[in-house]
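Single-structure report; data block below.
The values are calculated or read from the model by the stated rules, or taken from the named source; none is laboratory data. Because the structure is predicted, anything quoted here is derived from the model rather than measured. For neighbour counting, all protein chains shown are included, and Cβ atoms are generated from backbone atoms with ideal geometry for every residue, glycine included. All accessible areas refer to the heavy atoms of the entire protein, side chains included, with ligands and DNA or RNA removed. Shrake-Rupley method; radii C 1.70, N 1.55, O 1.52, S 1.80 Å.
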Amino acid sequence: MIDQATVAKIVDAARIVDVVGEFVTLRKSGVNYKGLCPFHDDRNPSFMVSPAKNICHCFVCGKGGTPAGFLMEHEQMTYPEALRWLARKYNIEIVEKELTDEERQQQSERESMFIINEWARDWFHNTLKNDPDGIAIGKQYFRSRGIRDDIIEKFQLGYAPQRRDALSLAAQKAGYKAQFLVKTGLCIENERGIYDRYSGRAIFPWLNVSGKVVAFGGRVLDSRTKGVAQKYVNSPDSDIYHKERELYGIFQAKKAIVKEDRVFMVEGYTDVIAMHQAGIENVVANSGTALSVHQIHMLHRFTQNITLLYDGDEAGIHAAMRGTDMLLAEGMNIKVLLLPDGDDPDSFARKHSSEELRKYINENQTDFITFKTRQLLENVTDPIKRGEAISDIARSISVIPDQVIRDTFVTDCAHRIGLDESTLVNTINKYIRRAKEEKQKERERAEKRNGTELEQNSGSEEEDNGRPIIPLSILSSQEQANEVELLLIQEIVRHGSEVIFDNVETNDGQTITLTVAQYISLDLGQDDLQFFNPLHQQILNEAAEHSGDAGWKSESYFCSHPDQQVSQLATRLAIDRHQLGGRFVLQPRENALQQRVRHLVMDFRLGIIKQRLKDIERQMRQPSKDSGKTMELMRQYKDTKEIRDALAKQLGRDLVV
């Protein structure tokens, strides 16, 4: 457990711009920052970061929060894990007791898998450095590839001993369960027992964007490659690793990607490592899997510019062709560089100095039009083959989402291949129409399979999504109560600790002050009224309990709440799209907060009363032979209607009966 004093110290030290900046490229926007949202497919920056409020928020998907809340959502961390991450970042010491066997067993499986992967990384690395076989075989392999010791440390490279049970025995001796060795893919289980997956291989740990070990790659050593079906063995998909969502080297590269505003995409582990050793650090690899949309979205957070740096052989050309359209469709600016035949980035980087490598890349990388023209049209005279090649290039241009960029490429392409621009435009438009028709058909098929889903979540992300404001008077009574309930929660989050009534006299003659939260709780409590949404009621209860505490601030309390649902809702309600520019400060009218809160409480009551009237009317319409029950319903209807009219009069409403 982390004591509250340390928690407060961590929360106070954490800065939202620093934390979000680890995962998203942020640009200054007035007094705030903005970037592409990491939680959804965002092409226009909608993710706003407010240093003043120390919170972030996406105005499209609604996700965000405080530094801890952002980490919990982005990295799927628990609250204590997020606090520990922040403590490491800001060099705040946390003294915790060592976990007992029982406590370790109670940890989530996901957390256990991360823990055992970190242990395995250290075990492989230690074996490489200190075990006789690790030094003689593993380290010798890395040195034969020209990999320096500092790069071995940077990527935490390792070695797995030849014995098929070396890791499994060591892990179980250290107290780790066999089931997690299998779930992470470190070991394989069959009817004969458990054995190591990577025995006798050089080890390349995979770190995700936040530095957690999610997987491993194991390469059979050069002396054993002959006759081996799989030169590389990688971790299977698991609860913490999905190969189409990860990129090798992203953790080591992300800062350089932002600094250079470009990322180099290569094919393998040693390509990434060789580039780092040559001084080029903004490089990642998709290692053994086709480039995926998830990987592109991850890179797009840091830069829009990507260079595909592949071998010049047939496989490299195919990989570059395959990834081009997908990258263009996601709004990336693409360059392509195929290395001289016979070289890959690893071998090429080892043959050249850092300056020579950079110069070669700058002078030889080309845009995708040049690349495709060379590959598909160079020395091609057959009219049919030329037509197919031009159609392929036109299809690539058609997927570019930005019309201005698309039009620029149209002009450039028509000029290069000697084709009338209108012909190229017509071909591109054909592909665009076809893509739209396919999307429409897919939507229709999905609707037939699943039915149309209507979101009915109270306080959903649409609250801040620029929707028109609907007058409460035209909503149904239930909708009105839900709408007002959310507005009341917003007042509690923003102003719950502020005093709105001084010197209120109680029944026993004492005088008290009432904060916003205390007033709402007291007023509704008189008639045992509660909010419909349990999360809203939790916020009201906590606010009423703490709002009298010295120095308690509702907004910072709820935005930093350990319950992620509370934190996200509070962040959404605390941040205001129209205040983010920071240019104007509106001075509130005297007692405006008091008037607004009282009005909302009465509005909430009115919504409940209207719903109660509808329930009574529904019961009265049902046939009944019990005259006593009918008379009782009529009396309830009369009394409830009088309460409704009185509330409406207080609110200044005109009723139409």
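Tabulated data for the structure shown
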| quantity | calculated |
| --- | --- |
| Helices (runs of 4 or more DSSP H) wholly inside segment 146-242 that include at least 1 residues being closer than 29 Å to PHE39 by Cβ and aromatic (Phe, Trp, Tyr) | 178-183 |
| Leading residue by the ranking (modelled with the lowest pLDDT) among those in segment 91-111 that are over 22 Å from the mean Cα position of the chain (by Cα) and surrounded by 15 or more Cβ atoms within 10 Å (Cβ to Cβ) | ARG104 |
| Boolean, PHE501 is closer than 18 Å to HIS599 by Cβ and modelled with pLDDT under 85 | yes |
| Segment 535-566: number of residues that are among the charged types (D, E, K, R), open to solvent by 40 Å² or more (accessible area, probe 1.4 Å) and either touching a Lys or Arg at 6+ places or on another chain (Cβ under 7 Å) or part of a helix (DSSP H, G or I) (or both) | 2 |
| Boolean, HIS297 is of a type outside the set (A, V, I, L, M, F, W, C), without any contact (Cβ under 8 Å) to a residue 60 or more places away in the chain and open to solvent by 10 Å² or more (accessible area, probe 1.4 Å) | no |
| Hey, ASP150 surrounded by 14 or more Cβ atoms within 10 Å (Cβ to Cβ) and free of Cβ contacts under 8 Å to residues at least 60 places away in the same chain or not | no |
| Residues being open to solvent by 40 Å² or more (accessible area, probe 1.4 Å), under 21 Å from GLU356 (Cβ atoms), touching a helix residue (DSSP H, G or I) at 6+ places or on another chain (Cβ under 6 Å) and outside any loop (DSSP other than H, G, I, E, B) - total across segment 243-286 | 1 |
| Positions within segment 204-213 being among the β-branched types (Val, Ile, Thr) and surrounded by 23 or more Cβ atoms within 10 Å (Cβ to Cβ), in sequence order | VAL213 |
| Filter result for LEU309 (open to solvent by 10 Å² or more (accessible area, probe 1.4 Å), modelled with pLDDT of 85 or more and either aliphatic (A, V, I, L, M) or touching an Asp or Glu at 6+ places or on another chain (Cβ under 8 Å) (or both)) | no |
| Residues located in segment 341-358, provided they are open to solvent by 50 Å² or more (accessible area, probe 1.4 Å) and either over 36 Å from the mean Cα position of the chain (by Cα) or of a type in the set (A, V, I, L, M, F, W, C) (or both) | ASP341, GLY342, ARG350, LYS351, HIS352, GLU355, GLU356 |
| Where LEU475 falls short, out of the listed (1) in contact with an Asp or Glu (Cβ under 7 Å, 6 or more places away or on another chain); (2) modelled with pLDDT of 85 or more | (2) |
| Within segment 14-27, tally of residues that are open to solvent by less than 30 Å² (accessible area, probe 1.4 Å), more than 15 Å from LYS255 (Cα to Cα) and out of contact with any Cys (no Cβ under 8 Å at 6 or more places or on another chain) | 1 |
| Residue check for ALA229: at pLDDT 85 or above, open to solvent by 10 Å² or more (accessible area, probe 1.4 Å) and over 17 Å from ILE147 (Cβ atoms) | no |
| Test set (1) within 34 Å of the chain's Cα centre (by Cα); (2) surrounded by 15 or more Cβ atoms within 10 Å (Cβ to Cβ); (3) over 25 Å from ILE257 (Cβ atoms) - HIS318 fails condition number | (2) |
| Unmet criterion (only one of (1) open to solvent by less than 20 Å² (accessible area, probe 1.4 Å); (2) over 34 Å from the mean Cα position of the chain (by Cα)) for THR373 | (1) |
| Verdict on ALA290 being in contact with a helix residue (DSSP H, G or I) (Cβ under 8 Å, 6 or more places away or on another chain), crowded, with 21+ Cβ neighbours inside 10 Å and either at pLDDT 85 or above or not polar (S, T, N, Q) (or both) | no |
| Tally, over segment 393-404, of residues that are within 9 Å of LEU328 (Cβ to Cβ) and exposed (fewer than 15 other Cβ atoms within 10 Å of the Cβ) | 1 |
| First in segment 33-46 and touching a residue at least 24 places away in the same chain (Cβ under 8 Å), second anywhere and among the small types (Gly, Ala, Ser), Cβ under 6 Å, 6 or more apart | CYS37/SER46; ARG43/GLY331 |
| Residue identified as within 23 Å of LEU207 (Cβ to Cβ), at pLDDT 90 or above, of a type in the set (A, V, I, L, M) and open to solvent by 40 Å² or more (accessible area, probe 1.4 Å) among ALA160, ALA174 | ALA174 |
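Each row is one residue, and each column tells you yes or no for (1) of a type outside the set (A, V, I, L, M); (2) without any contact (Cβ under 8 Å) to a residue 24 or more places away in the chain; (3) within 19 Å of MET265 (Cβ to Cβ); (4) in contact with a Gly (Cβ under 6 Å, 6 or more places away or on another chain).
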position	(1), (2), (3), (4)
ASP341	yes, no, no, yes
ARG350	yes, no, no, yes
ASN362	yes, yes, yes, no
THR366	yes, no, yes, no
ILE369	no, no, yes, no
ILE390	no, no, no, no
ILE397	no, no, no, no
PHE409	yes, no, no, no
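Listed here are the residues, each with its yes/no results for (1) modelled with pLDDT under 90; (2) hydroxyl-bearing (Ser, Thr, Tyr); (3) on the phi < 0 side of the Ramachandran plot.
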{"residue": "ARG350", "(1), (2), (3)": "yes, no, yes"}
{"residue": "SER353", "(1), (2), (3)": "yes, yes, yes"}
{"residue": "GLU363", "(1), (2), (3)": "no, no, yes"}
{"residue": "PHE368", "(1), (2), (3)": "yes, no, yes"}
{"residue": "THR373", "(1), (2), (3)": "yes, yes, yes"}
{"residue": "ASP382", "(1), (2), (3)": "yes, no, yes"}
